[in-house]
């Protein structure tokens, strides 16, 4: 039995042909954007294929020569659909003769081409293939960052994610059965199109009349201008305009207005039969509009309208991709990250850049790795950006330096760029000391630079409420010549997804991890979350920072209580998934942060089905009497998540969250359950002023639901005496 797969345009299933249900046979007629093995530069669009016990497409002689083992017979070629990892160790049938690709219904392919016929087919095939390779695939559905016009629901919605997480699609329809209707062959629509003998005279009767109403601002415009204005407006705006103009309201609407309702971007643009050449025939457009509106709720028309909107969006991506130049820079091997590949389990983390050898279900993937060498001082840096799904992404960098100009990534033709200029500097100092990037799971959203002369530059791109990472670039001068910065970046089809310097020295936890909302300053000591098992399975999710002591430690004397929110079902005798921490709340005896008297690391309650099992454990802190938190023991039963911790105070108190958690861990250990802990204490002459943790949605064992959980815990410590926390 074949696995379920979905069309990359409409999101509905590509099915086996069902003779008993001819109305859905269109869903079994599919085409594929495909290639052979790792021949990325030669994609093709197939003829109409079919699904039964395996997937096949019409035989192409050129492909058959490359992949003779894929030949089924003189008609068919077998193909693997929606492949998202390229490693024989994971997929035994993956070899140099594997034919693979991305499916879309034949009807959807036709709608995509009709939606923007000016793009040459070859350009559509090549650019769409690269775009598809850049999208994660969840449950055999391509994740473009939308819900396919309401066809799919979210298991984890974009508005509910933790910092650095990706949304998770749920492959289930929530719009009834309209997606089963053929969007091309619609008998009810064809009946309307066949009625071209309607009364043409009635279409000309509504003409915009002249008026002596001099107070009407539209009185100054000739008839032709008024017609043009009406044609360009949406129907809802025309109604509003009629309330503002007596001339327009009393004149009615002319035939050209009704015809414009079928133009691109208007309410019936998906009736392509009346939008292009078919609209040139004589027709009563007012009556045609009324007839189409009367069948507007037809399931097939609803499905076409949904797919047409998706096609418009996808063609926008294709046009944007088509404008990009080749990915500039010194090419590097595509196999980066595969030499030390971890078990595929580690790739479930949402912010990671998936190497080609790993499953690609969330996050991003680099199709191209490029390197740029920058020698001597730098005079100017130019940043190219792309707007995708309403977000800004960095897509290319260009440096004017002592030895010339070096570029990396994409630099769109005719697109605006943003520049960062530097003052002149001696040849023995790099102006760029640090690059700081802001990113989401899909790519690099913003960048700023720390120079030796000018300090921090402004941000280019998006950076607010995004995880950030610091990339050190400074190198000492060399006697043999100018030192060189080697910058490495990864790019998908549209944007930068990875940035680092080549040959980085061993860096601290601060320099190697993503942080949210800001990177801790260099005066802070970071303790914890350094056990090798935690680092191996954390992926690229950021550490969220909670400075409960305040930016300068001034809040510590006002801390009165700590509340730990979570699930406590340790009495069941098992701690795994029965003791979880949702959040740690710090309460004060005065307002300390924007008028608030408490701040939370994580979340102060559970949601959904986990709520009935939630608990809150408290410990009072006599901060006015000098009591401070002096350490924690974070306890883990497996590498995935923390199940509890112990707080120690300067008054000699010790409190477990949840109570008796350590006892039950020891009991579980005797039964063979794996566990470990981290004992976290501040360095000498420092005090604890903050916690940090990786936040992630995880399945709650007692409910089967997903909820936000603190996966680990670390300390932020500062000098005890008059420490001012600076930003670098």
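Among the residues in the stretch 385-392, are any out of contact with any strand residue (DSSP E or B) (no Cβ under 7 Å at 6 or more places or on another chain) and on the phi > 0 side of the Ramachandran plot? Write out each step before concluding.
As a first pass, look at the stretch 385-392 and keep what is out of contact with any strand residue (DSSP E or B) (no Cβ under 7 Å at 6 or more places or on another chain): 387-390.
After this cut, where a residue has to be on the phi > 0 side of the Ramachandran plot as well, the list is 389-390.
Yes, the stretch 385-392 has at least one match.
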Report summary line: Selection over the stretch 163-182 where residues are in contact with a helix residue (DSSP H, G or I) (Cβ under 8 Å, 6 or more places away or on another chain), more than 10 Å from residue 299 (Cβ to Cβ) and at pLDDT 80 or above yields a count of 1
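Of all residues in the stretch 300-333 being surrounded by fewer than 18 Cβ atoms within 10 Å (Cβ to Cβ) and in contact (Cβ under 8 Å) with a residue 60 or more places away in the chain, which is farthest from residue 407 (Cα to Cα)?
Pass one, the stretch 300-333, residues surrounded by fewer than 18 Cβ atoms within 10 Å (Cβ to Cβ): 309, 312-313, 316, 319, 322-323, 325-326, 330-333.
Imposing the further condition that a residue be in contact (Cβ under 8 Å) with a residue 60 or more places away in the chain reduces the set to 309, 312-313, 319, 322-323, 325, 332.
On the way: 309: 36, 312: 32, 313: 30, 319: 23, 322: 19, 323: 17, 325: 12, 332: 15 Å.
Among residues in the stretch 300-333 that are surrounded by fewer than 18 Cβ atoms within 10 Å (Cβ to Cβ) and in contact (Cβ under 8 Å) with a residue 60 or more places away in the chain, the one farthest from residue 407 (Cα to Cα) is 309.
Does residue 63 qualify as being at pLDDT 90 or above and either crowded, with 22+ Cβ neighbours inside 10 Å or farther than 30 Å from residue 541 by Cα (or both)? Full working, then the answer.
Working: at pLDDT 90 or above: yes; either crowded, with 22+ Cβ neighbours inside 10 Å or farther than 30 Å from residue 541 by Cα (or both): yes.
The answer is yes for residue 63.
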Query raised in the report: For residue 359, all conditions in the list (1) more than 14 Å from residue 420 (Cα to Cα); (2) part of a strand (DSSP E or B); (3) in contact (Cβ under 8 Å) with a residue 12 or more places away in the chain hold save one; what is the number of the exception?
Result: (2)
Query raised in the report: Tell me, which helices (runs of 4 or more DSSP H) wholly within the stretch 209-270 include 2 or more residues that are in contact (Cβ under 8 Å) with a residue 24 or more places away in the chain and under 30 Å from residue 301 (Cβ atoms)?
Result: 223-232, 255-260
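Taking the condition over 22 Å from residue 149 (Cβ atoms) and in contact with a helix residue (DSSP H, G or I) (Cβ under 6 Å, 6 or more places away or on another chain), does residue 57 pass? Before the answer, list the steps.
Details: over 22 Å from residue 149 (Cβ atoms): yes; in contact with a helix residue (DSSP H, G or I) (Cβ under 6 Å, 6 or more places away or on another chain): no.
Answer is no for this residue.
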Report summary line: Screening 340, 346 for residues that are part of a helix (DSSP H, G or I), outside the structural domain of residue 82 (by TED's automatic domain parsing), at pLDDT below 90 and over 30 Å from residue 150 (Cα atoms) leaves only 346
Query raised in the report: Only one of (1) surrounded by fewer than 20 Cβ atoms within 10 Å (Cβ to Cβ); (2) at pLDDT 90 or above; (3) not in a strand (DSSP E or B) is not met by residue 548, so which one is it?
Result: (1)
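The values are calculated or read from the model by the stated rules, or taken from the named source; none is laboratory data. The structure presented is a predicted model; accordingly, all values stated were derived computationally and were not measured. All Cβ positions, glycine included, derive from the backbone under ideal geometry; neighbour counts span all protein chains shown.
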